Amino acid sequence: MTAVETTRGLLELTRPVNVIAASVLTFIGAFVAGGMTGEPIAVAAAVGATALAVGAGNAINDYFDREIDRINQPERAIPRGAVSPRGALIFSIVLFVVAVGLALLLPPLAIAIAGINLLALVAYTEVFKGLPGIGNALVAYLVGSTFLFGSAAVGDIESAIVLFVLAAIATLTREIVKDVEDIEGDRAEGLNTLPIAVGERRALLISLGLLIIGILASPLPYLLGYFGVAYLVVVIPADLFMLYAGVKSFEDPTSGQSSLKYGMFLAALAFIVGRADELLTVF
């Protein structure tokens, strides 16, 4: 393998789209908490720590999952030989170390969230991934906690709690659908994911039920007075799109989980719009 191919492989290990998405969610958490006016260094450190930690977590996940990926995802960097397992492990450790360095610049609550999340990222594949629903719930927590981390970085976690819960529910739905998509390789590796434990259709019904709960709860920021009508204008189309994706998963899990991800981004945009509208109203 050439240096260019190896570099490309290392970049692929981080899942750049996921890194960018998680960084944006952390930024949104800080923005919703109102920290953009007085805490730019804290926000930058939180976003940077998130990006590096997510990249490290994805890389170490690929290290542990390398045998499963030979079946489910043979085009990934380690199975195709672009990066050696040892190289992936070292790369992950370096990213984790730098992420910790950035997190230590933040307030104590943000540091505590970062510490818990780093341990969870490392333990996910080897300890929790094969437990029915538990691994999914852990990933859901990690995604939702990016909002908590961003808000804690600027000292106001309360405003992001609803956002954390809604993001976690949407992510849990998507993770279950992804397990349905990956069921062949997971079964071959001896994992006991939710679709393997209860059956694919039941797992999809559970995911759809969770999604509906999240959709029904999505007006809460408006009803609680956090945001105005502008939030609803964006979140309602996001809800409808995610509901469509959830139903679509019964026929095509791959397309369904991908659509759920984009619906989640649109829902996150609703919080930006809601917060921006609130700020404009004040001024």
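Below are the figures for this structure:
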item	result
Arg86-Leu224 pseudo-label distance in nm [points 7 Å out on the Cα-to-Cβ vector]	5.0 nm
Cross-link reach list, aspartates and glutamates versus Lys129, counting only Cα pairs under 13 Å and skipping chain neighbours closer than eight places	Asp62, Asp65, Glu175, Asp179, Asp182, Asp186, Glu189
FRET efficiency, Val247 to Ala112 (Cβ-Cβ, R0 45 Å, nearest 0.05)	0.70
Computed E for Glu184/Ile272 - FRET, C-beta separation, R0 45 angstrom, nearest 0.05	0.70
Contact order normalised by residue count of the stretch 1-135, Cα under 8 Å, 6+ apart, percent	29 percent
Sequence-distant lysines (8 or more away, or on other chains) whose Cα lies within less than 16 Å of Lys261	Lys178, Lys248
Length-normalised contact order for the stretch 158-254 - Cα pairs under 8 Å, 6+ apart - percent	33 percent
Contact order relative to length of the chain, as percent, for alpha carbon pairs under 8 angstrom and 6 or more apart	19 percent
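Coordinate-derived values only; no laboratory data. What you see is a predicted model; the values in this text were computed from it and never measured. Virtual Cβ from ideal backbone geometry, glycine too; neighbours counted across all protein chains shown.
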